[in-house]
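The values are calculated or read from the model by the stated rules, or taken from the named source; none is laboratory data. Note that the structure is a prediction, hence the values are computed from the model and not measured. Don't worry about glycine lacking a Cβ; one is built from the backbone with ideal geometry, like all the others, and counts go over all protein chains shown. Protein only, heavy atoms only, side chains kept; ligands, DNA and RNA dropped before computing areas. Shrake-Rupley method; radii C 1.70, N 1.55, O 1.52, S 1.80 Å.
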Amino acid sequence: MNNTFSDSSQIGMVATFSELVNTDFKGETNALCWYRNLDGDFAAIVAQLQLKDNITEVDPKDLLALQLSEKGNRAREIILNDMRLLADFGASPTLNLLKCYERDDEFDFISTDVYSFHVDRSPIATDTFLCTYHGAASDIISNAQAEQKILIPEIRKKLEELHNGPSEEFENFLTENYFDLHYQAKPQAVPINLGLGHLWRLAVDHPKQQVLPCIHRAPIEKEGEYRLLLIC
């Protein structure tokens with residue numbers, strides 16, 4: 001087992017899907033990992049899928065249409081089973097073949113794309129589930145090792161200039177434009193890579209949440225390599 005995972009107070013380790021969805025977040029723990037060593041040829045699936053845009057949603061029917069080796073078929077069954085488990089739980093899993101996400105380069109002093117450390121927010125009680133089967137994997141970081149970008153004086157000053165409105169409306173401006181969701185890693189921060197094949201559950205910012213939301217970011221993709229990502 002990856003010592004980085006098991007040694008982190010931020011991460012709770014589980015052995016089954018049932019544990020993953022039924023274990024409560026508590027204290028500093030805002031990420032749960034169903035740790036798995038998957039035996040399957042996920043690269044074979046990626047090689048046969050057609051990328052229609054930078055991000056292409058892969059339907060289960062597309063997976064079933066592929067002609068695969070025994071190990072490729074094993075990988076397909078793992079993905080389909082993960083999707084079934086999540087759907088039966090009440091989630092809406094999406095399988096993405098991914099070249100890259102859209103970059104946010106509107107402002108030179110703050111980034112609000114998924115490559116920036118950020119948290120997810122929801123008006124209802126929910127969690128983020130994700131699993132990278134192939135390609136670069138996402139990172140998380142402990143809340144103590146990151147600072148909300150809107151609290152960094154030089155960034156906040158520029159956001160106030162951008163807002164250029166009544167001070168009592170400034171906080172709403174930050175929320176409405178999602179600036180408050182983004183974080184900057186502190187100088188000595190050590191991000192944790194989520195690795196391949198593990199199914200993760202990350203805490204989301206919502207009204208009933210008992211812990212701090214999990215700060216995470218999408219990875220910089222490897223040159224010439226697509227990612228295969230299950231997320232909901």
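Nonpolar atom fraction for the chain, defined as the carbon and sulfur part of the 1.4 Å probe accessible area, stands at 47 percent. Rounded to the nearest 20, the Cβ-based charge dipole of the chain about its Cα centre (Lys and Arg +1, Asp and Glu -1) stands at 700 debye.
Heavy-atom accessible surface of the chain, averaged per residue, reaches 53 Å², computed with a 1.4 Å probe.
Between their Cα atoms, which of LYS52/LYS222; LYS99/LYS149; LYS157/LYS186; LYS99/LYS157 are more than 25 Å away from each other? Distance filter (> 25 Å) returns LYS99/LYS149; LYS99/LYS157.
Estimated from helices alone, the mean residue ellipticity of the chain at 222 nm is -7000 deg cm²/dmol (sum of -39500 (n - 2.57) over DSSP H runs with n ≥ 4, per residue).
Decide, for region 1-149, between rounded, prolate and oblate: order the square roots of the alpha carbon gyration tensor eigenvalues as a ≥ b ≥ c, take rounded if a/c falls under 1.5, and otherwise choose prolate if a/b is larger than b/c, else oblate.
oblate
Remark: relative contact order (region 1-97) = 26 percent; criterion is Cα-Cα distance under 8 angstrom and separation of 6 or more residues. Taking the DSSP beta bridges with both ends in the chain, the antiparallel portion is around 85 percent. Sorting 185-195, 93-103 by their mean Cβ neighbour count within 10 Å, with the most densely packed peptide first, gives 93-103, 185-195. Based on C-alpha pairs under 8 angstrom that are at least 6 apart in sequence, region 76-204 has a relative contact order of 37 percent. For the set LEU85, LEU151, LEU174, solvent exposure ranked by accessible area (probe 1.4 Å, protein chains only) runs largest to smallest as LEU151, LEU85, LEU174.
Shown are TYR178, TYR133, TYR183, TYR226, whose ranking by accessible area with a 1.4 Å probe and every protein chain present, most to least, is TYR178, TYR226, TYR183, TYR133. Remark: relative contact order (the chain) = 31 percent; criterion is Cα-Cα distance under 8 angstrom and separation of 6 or more residues.
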